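Input: a single structure, listed below in structure tokens.
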Amino acid sequence: MAAILKFIIKGMGKNRLPQTGGAIQVQGLSAPVEIIRDIWGIPHIYAGSDHDLFFAQGFVHAQDRLWQMELIRRTSSGTLSELLGKVALDTDRALRTFGFRRLGAKDLENTTKDMIDIVSAYAEGVNACLKHPATKVPVELSLLKHVPEPWSPLDCMAFARLMTFQLNGQFSLKINYARIAAAVGEDKVPELVPKYPGENPAVSTGIERNQLGPDGVLKALDGPLFKKGGGSNSWAIAGRRTATGKPIQCSDPHLSPSVPSIWYHNHLVGGRFNITGVSVPSAPLILIGHNARISWGFTVANVDAEDFFVEKMNPDSPTQYEYKGKWLDADVFTEPIKIKGEEQPFVEKVIWTRHGPLVSDVVGLKDKRVALQSTALGPLRSLEALCRLNLAGTWKECTDAIKIWDSPNQHMTYADVDGNIGSYVTGIIPVRAKGNGLLPVPGWTGEFDWIGNVPFDEKPHSFNAKKGFVVCANNRPIDAEGYPHHIASVFDPGYRARRITETIAAKERFSIDDCMKLHVDVFCRPGLEFAKRVGEVKSDDPDVRLAIELLGKWDGNLTAQCTGGTVYEAALPFVYKEVFAEKLGEALTIDLMGRGFHPVLHGTTELFHSHTDILLNLLDNPNSWWMKQAGGKDAVLERALRKVVAWLRSKLGKDPAGWTWGRLNKMVYPHAMALKKPLDKVFNVGNVPIGGDKNTVCQIGSPVGAFSEKCWAPSYRQIVDLGDLGKALVVVPPGQSGNLASPHYQDMFLLWYRGEYAKMLWTREQVEAHAEAKLFLS
């Protein structure tokens with residue numbers, strides 16, 4: 001049945017493929033625009049002005065990704081229920097509470113004329129595509145019997161707010177800690193805050209302003225210098241350490257895999273711009289990529305820029321709250337939510353205090369009235385900052401751009417054609433009057449308020465680091481003794497950063513090929529650390545001894561063919577349940593392993609990467625309250641190993657030689673329509689065995705116990721040689737197009753799966769040589 005359905009839907013898709021050759025007449029251009037699509041379906045846009053360039057970017061986004069854009073628009077505006085029915089109501093309630101569209105409207109009012117012109121041109125291009133007689137709505141929208149409304153600049157700004165929120169802060173982590181504190185007491189929480197491993201590197205050892213430029217000559221500087229990401233890798237290597245003699249910059253953002261990808265590759269040439277890289281359908285510009293002079297990438301910085309404040313509400317006037325002995329009026333917003341198939345809307349009443357929206361009802365803290373303060377909900381100029389970054393040509397111009405980047409907190413890596421490399425933490429880092437914000441604090445006293453921001457020059461950054469490279473992998477951004485500011489309590493534990501750092505440092509000259517191999521590295525150090533603890537267990541149980549033997553023979557490479565790694569991965573949930581389930585219950589135990597409060601908004605927390613380290617610390621601590629309650633280290637491990645062997649036999653058969661990691665760990669790119677069976681067989685891409693986990697450089701992260709699902713994977717890879725931009729490499733899985741019938745729906749999937757790349761075409765000659773189709777807009 002699924003095969004027949006796929007044949008029918010693919011046939012429907014063929015009638016909806018966009019026109020990519022010839023000429024199309026549109027209204028709104030000042031001059032003709034040429035769009036050359038290469039052999040991977042990547043559009044290279046050549047225009048005479050900024051307006052026409054972003055008009056064309058909006059046009060091609062709509063041609064290839066209209067279904068995705070409509071889904072993004074409805075997510076950012078909290079109108080999914082109108083399209084999908086009551087199943088989406090809880091999500092819409094949360095989205096309306098945070099108010100991304102309402103905040104986006106403020107951003108549009110406050111932004112510069114330049115940005116208004118850019119988002120307006122983009123919206124005009126989207127609408128030109130929608131209005132064109134040859135345009136047919138995507139198959140997905142046809143199945144839902146929905147026709148999209150015209151696009152607006154506000155749609156771009158609302159989406160920017162949504163993505164900012166998903167990539168920002170640590171509030172989902174704090175929800176879980178608050179629940180644990182309520183269950184067992186605040187005094188039991190500190191053991192569950194991961195300690196950053198001392199042998200794992202920070203991005204920089206201090207505020208590194210190395211005055212020695214790439215040629216060793218003293219130089220005068222004018223100053224120092226993105227669903228919530230599960231992690232990313234990005235590095236820049238100075239020319240003195242590369243095979244080319246010029247810097248190499250690599251970007252490898254890890255996000256939830258999806259069909260189509262969140263990313264859309266564009267090459268934009270026109271007006272002030274000459275830039276290539278990935279954009280996000282729903283907004284203009286390039287988020288990660290390079291121009292003629294600089295290349296950059298981003299990873300989540302894990303800055304703690306969100307706090308929960310418990311508010312005292314007036315029992316006689318429920319929209320008033322106490323602050324420093326006075327009753328203040330909260331802002332109240334009435335949000336009617338239309339639901340498909342129902343006559344009456346659901347009305348959400350949103351209350352904002354001076355700290356932020358009351359979120360208790362939508363994040364699961366219903367016993368208190370809790371407000372969320374977040375830099376992602378404050379004033380936002382990040383889209384303007386991104387525009388400046390797209391145009392930057394020097395380190396100073398780059399840092400001037402990110403000075404106005406309010407949120408999200410990202411760690412940028414940088415390289416330029418002059419030989420410089422650098423890194424900088426972007427976004428506001430709040431300064432608290434008191435405390436570290438890990439647990440909810442009283443909002444009525446003012447004693448825990450934010451009282452300022454870390455000055456830009458004091459944010460973690462480096463420029464031409466002495467070691468000759470910089471590595472950002474969500475690890476701690478700075479480890480300088482005496483650094484005066486609180487950044488966060490929880491970071492990625494730094495195993496990916498350590499592996500990347502050691503691999504680069506081991507070679508005198510690092511090459512493009514070395515970068516390609518490093519992108520797919522699956523060495524799992526915390527797995528070896530776990531195996532070491534298990535090896536200390538003495539047991540007469542044959543199943544336990546079997547698990548110990550398999551772990552002992554494993555070399556730490558978490559390939560799809562390994563068996564010891566399978567025991568490690570499968571054992572973790574069992575060990576966690578043995579330690580925590582009796583006191584916390586199974587649901588809260590899974591939350592402690594990194595499950596977020598909402599699958600769309602925050603699917604995981606920072607504990608997703610750190611829960612192995614929490615466990616290792618508890619196993620090493622004979623005085624741990626948690627381990628004592630569970631019966632001690634040996635008893636916990638013996639019980640868990642016995643259970644995991646039984647589980648593996650039931651899942652993978654009696655022969656341990658067949659317990660290979662790839663049989664459990666499957667790579668699937670899911671489509672939103674796949675929630676309704678058997679459409680998963682129609683739209684999904686992949687379902688192939690793969691290595692790696694949450695702590696390998698090639699990060700393949702699964703929800704706890706759900707190995708066939710993937711919450712994080714490398715979503716885009718670029719390798720840029722600043723000595724010859726025409727040699728840059730790229731892969732954007734699964735493909736450029738969102739149309740099932742397109743040859744570019746999944747043509748990059750196998751390329752990505754095999755660790756291979758396409759050329760990131762740069763010169764006009766390269767583009768012409770690899771052209772698949774030419775379209776003229778006039």
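The values are calculated or read from the model by the stated rules, or taken from the named source; none is laboratory data. Quick caveat, the model's predicted, so the values are computed rather than measured. Quick reminder, even Gly has a Cβ in these numbers, built from the backbone with ideal geometry, and neighbours come from all protein chains shown. Just the protein is used for accessible areas: all its heavy atoms, side chains included, with ligands, DNA and RNA removed. Shrake-Rupley method; radii C 1.70, N 1.55, O 1.52, S 1.80 Å.
Quick notes on this one:
- The chain - charge dipole about Cα centre, Lys and Arg +1 at Cβ, Asp and Glu -1, debye rounded to 20: 1340
- Stretchable slack from Leu546 to Trp625, in nm (0.36 nm times residue separation minus alpha-carbon distance): 25.5 nm
- Solvent exposure of region 444-584, expressed per residue, is 40 Å² of accessible area, with all protein chains present and a 1.4 angstrom probe.
- Solvent exposure of region 250-361 as accessible area per residue, Å², 1.4 Å probe: 34
- Hull shadow area, averaged, region 430-498 [alpha-carbon convex hull, nm²]: 5.9
- Cα-only Debye scattering, the chain: base-10 log of I(q)/I(0) at q = 0.05 Å⁻¹: -0.25
- The shape of region 556-620 comes out oblate: with a ≥ b ≥ c from the C-alpha gyration tensor, a/c is at least 1.5 while a/b does not beat b/c.
- Think of a 1.4 Å ball rolled over the protein heavy atoms: region 672-723 then has 31 Å² of accessible area per residue.
- The modelled label-to-label distance for the pair Val87/Ser317, using points 7 Å beyond Cα in the direction of Cβ, is 4.5 nm.
- Principal semi-axes in Å for region 1-138 [√(5λ), Cα gyration tensor, largest first]: 28, 26, 11
- 10 Å binning of all Cα-Cα separations within region 281-431, expressed as whole percents from 0 upward: 10, 28, 23, 20, 14, 4, 0
- Applying 1/(1 + (r/R0)^6) with r as the Cβ-Cβ distance of Ala657 and Asp117 and R0 = 51 angstrom yields a FRET efficiency of 0.20.
- Positive-end residue of Gln736, Ala473, Leu29, charge dipole of the chain with Cβ unit charges: Gln736
- Farthest towards the positive end of the charge dipole of the chain, among the residues Pro260, Leu679, Thr353, is the Cα of Leu679, using unit charges on the Cβ of Lys, Arg, Asp and Glu.
- Positive-pole candidate from Ile700, Ile451, Asn409, dipole of the chain, charges at beta carbon: Ile700
- Shape category assigned to region 595-655 from the gyration tensor of Cα positions, a/c cut at 1.5: oblate
- Extension gain, Arg649 back to Ile451 (0.36 nm per residue minus Cα-Cα distance, nm): 65.6 nm
- Accessible-area composition of region 622-745, carbon plus sulfur, in percent [1.4 Å probe]: 54
- Label-point separation, Lys434 to Ala292 (7 Å along Cα→Cβ), nm: 5.7
- Backbone N under 19 Å from the Gln19 label point (7 Å along Cα→Cβ), restricted to region 753-778: 772-778
- With the alpha-carbon atoms of region 537-663 aligned to their principal axes, the span from lowest to highest coordinate is 38, 37, 25 Å, starting with the largest.
- The portion of the accessible surface of region 478-590 made up by carbon and sulfur, rounded to a whole percent, is 47 (1.4 Å probe; DNA, RNA and ligands excluded).
- Qualifying GluC sites (Glu not before Pro) in region 661-767, DSSP loop, other Cβ atoms within 10 Å at most 16: Glu709, Glu756
- Net lengthening on full extension, Lys338/Lys324 (0.36 nm per residue, minus Cα-Cα): 1.1 nm
- Global form of region 35-103, assessed from the alpha-carbon gyration tensor, a/c cut-off 1.5: prolate
- Each Cα pair under 8 Å and six or more residues apart adds its separation to the average, and for region 538-651 the resulting relative contact order is 32 percent.
- Here the calculated FRET efficiency for Ala31 and Glu765, from their Cβ-Cβ distance with R0 = 22 Å, stands at 0.45, rounded to the nearest 0.05.
- Accessible carbon and sulfur surface of region 257-297 relative to its total accessible area, %, 1.4 Å: 60
- Thr394 paired with Ser142, simple spin-label distance in nm, labels 7 Å along Cα-to-beta-carbon: 5.5
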